Amino acid sequence: MSITLHAASGYDDLLRRVRAGEFGPDPATQQVSVAFTTTQAVRHQGRGGGYRNEVLSLRLAEAVGSCAVEPGTLPAAALDDCVGADIATLLDHPLPAVRVAALDAYLLHALPHAAAPDARPYPLPSGSSLEKSRARARAVAALVNAESVQRVLVIGVVNSLLEALRARGIGYVPCDLKGGSTEWGEQIRTDAAAELDGCDAIFASGMTLGNGSFEELRQHAVRHGKPLVMFAQTGSAILPRLIGAGVSAVCAEPYPFFWLDGGPGVIYRYGVPC
């Protein structure tokens, strides 16, 4: 089978091409064998605040696709909907998280990171949750040129990422639907769209795929020629297929995520600056 690897023109185009079998086998022939959720609460040692995560994951053969959700919002029946269902059916599921996790699982199965010619492995050392968080953050922060970017809109606040940007002398505007304040007492904005024009680059969590805000960010990046860097546990295999169509770089982190294990790991970076 001939597989086309060039970037899709947008999320809808990617879906169309997946359904047409352009990236791999017919999704109607690919069945999800396992569906599960991972719920986490964390407060890194030395940090003043903590947070919670909940992630829906679907297993297709050796691949695990994931989509983060707001904790407590995923219906229990969603897991039953997914088990044994084929990917084509799940791409039309009423829940956005199911659709994203299914697409992620399919693309990770068809185009695994380890075999992708445009992926650059980045090792994460063993260590505490904070040490691994900081290592990942440095990998993400390096995906933008500090000499050409002065102010980054960070959507999906990760304090370690803000710390890494500070270390590189890059200003930022923190934005997250939860609001609150950063580790340094900075107000976290809640309306990302209102902050776009005041920043010359965007760093966004893959969660924007699941909450429906990604396309607005991608289109803004296209219109204004701004770097859009995605740090992706959600949609780690989806977003690399949009590089060149608004997305400039991706730090892809498939399941299991760094916060699940203290041992060494690996993430994959696409669009690494020369």
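The values are calculated or read from the model by the stated rules, or taken from the named source; none is laboratory data. Remember, it's a predicted structure, so these values are computed and weren't measured experimentally. In this analysis, Cβ positions are derived from the backbone assuming ideal geometry, glycine residues included, and neighbour counts consider all displayed protein chains.
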Notebook entry, point to check: Filter the stretch 172-190 for residues that are assigned to a loop (DSSP other than H, G, I, E, B) and in contact with a Cys (Cβ under 9 Å, 6 or more places away or on another chain); which is farthest from Pro96 (Cα to Cα)?
Noted result: Ile188
Note to self: Scan the stretch 156-171 and tell me whether some residue there is touching a residue at least 40 places away in the same chain (Cβ under 8 Å), surrounded by fewer than 18 Cβ atoms within 10 Å (Cβ to Cβ), outside any helix (DSSP H, G or I) and not β-branched (Val, Ile, Thr).
What the structure shows: no
Note to self: If Ala114 meets every condition in (1) surrounded by 17 or more Cβ atoms within 10 Å (Cβ to Cβ); (2) outside any loop (DSSP other than H, G, I, E, B); (3) modelled with pLDDT of 95 or more apart from one, which number is that one?
What the structure shows: (1)
Item checked: Options Leu108, Leu14, Leu58; residue that is buried (at least 20 other Cβ atoms within 10 Å of the Cβ), at pLDDT 95 or above and assigned to a strand (DSSP E or B) -> Leu58
Notebook entry, point to check: Quick one: is Ala137 in the same structural domain as Ala221 (by TED's automatic domain parsing), in a helix (DSSP H, G or I) and surrounded by fewer than 20 Cβ atoms within 10 Å (Cβ to Cβ)?
Noted result: no
Margin query: Please list, ordered by residue number, the strands (runs of 3 or more DSSP E) wholly in the stretch 191-274 having 2 or more residues that are closer than 19 Å to Val157 by Cα.
Written below: 201-205, 228-232, 249-252
